[in-house]
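See structure below.
Every number here is computed from the coordinates shown, using simple stated rules; none is lab data. Quantities reported herein were computed from a predicted structural model and do not represent experimental measurements. Using ideal geometry, Cβ is built from the backbone for each residue, glycine included, and neighbour counts are taken over all protein chains shown.
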Amino acid sequence: MYQFVDRPLSSLDAGCRFLVWSMRAWVTTIGRRQCPAQALAPVFARWRMIGALQPFHRMMLLFNRDALETFGFCQMACDHVSEHEALVVALIEQLGQGRNTQVRETLGYLVSEDSVGEMLEALSGLGAAMALAGILPEHNDAR
C-alpha cells in the first residue's frame, strides 16, 4: 500500500490510474444518487474492461456495506492517491503476484469476516479482467 499512497496520479501506471479513477467515479455517482454501474459502463467498455464492471461494482458495494471503518476516497480532481485508494490498488497488485493468502489476511482487517470470501472473489475477478486487458497495477519504484 505504501508504494501507492500520496503518490501523484501521473507517476502511476495506466492500471493504477484506471482503478483510482473508477473508485472515485463510483463514489461520486453514488453521491448523486445515480446507478454507478450504468454511469461507469461506457468507460469500462472503452478500456476493454467491461468484464470487470460487475466485480468492481460488487467490490465497492462490499466496501460500502461491510468495511470495518469508513473508507476515504479523494475528489475526482485530486492528483494524489488516498490511503484507502492505495489499499485497494495494492490488493489488486498482490493478487496479480499470486499473494492470495496475504490478501485474504489483509481483508480480515478491512471488512467483516462474513464478507472476506465474497470480497476476495470480487477482487480476483477484477484483477483477472485487468490482467486480460493488460492494465494490472504494478509497483514502480520511480517517484
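By the beta carbon rule, with partners counted only under 4.7 Å, the chain holds these lone Cys residues: C16, C35. Database remark: amide H of V111 closer than 5 angstrom to the amide H of L68 (H placed geometrically; neighbours at sequence offset of 5 or more, or on other chains; Pro and chain starts carry no H). Here the dipole of the chain is about 600 debye; that uses its Cα centre as origin and unit charges on the Cβ of Lys and Arg (positive) and Asp and Glu (negative).
If you wrap segment 43-119 in the convex hull of its Cα atoms and look at it from every side, the mean projected area works out to 5.8 nm².
Working note: Cα atoms of segment 9-73, range along each principal axis, descending, whole Å: 30, 27, 20.
In this label model, M76 and T101 are separated by 4.3 nm, measuring between points 7 Å along each Cα→Cβ vector.
Amide H contacts of C74 (H built 1.01 Å from N, in plane; Pro and chain starts excluded): S82 sit under 5 Å, all sequence-distant by 5 or more or on other chains.
For segment 67-100 versus segment 20-34, the inter-centroid distance based on Cα atoms is 15 Å. For segment 1-46, the calculated P(r), taken from all Cα-Cα distances in 10 Å bins from zero up to the bin holding the longest distance, is 25, 46, 27, 2 percent. Does anything in segment 71-103 have its amide N under 16 Å from the 7 Å Cα→Cβ label point of A39, and if so which residues? Residues 73-78 qualify, since their backbone N sits under 16 Å from the label point. When peptides 129-135, 29-35, 80-86, 109-115 are sorted by average Cβ neighbour count within 10 Å, with the highest value leading, the order is 80-86, 129-135, 109-115, 29-35.
The distance between label points at L68 and S11 comes to 2.9 nm (points 7 Å beyond Cα on the Cα→Cβ vector). Specify which residue in the list L62, V43, A129 is farthest towards the positive end of the charge dipole of the chain, using unit charges on the beta carbon of Lys, Arg (+1) and Asp, Glu (-1), about the Cα centre. Positive-end residue among those listed: V43. Eigenvalues of the alpha-carbon gyration tensor of the chain, scaled by 5 and square-rooted, set the equivalent ellipsoid semi-axes at 19, 19, 16 angstrom, largest first.
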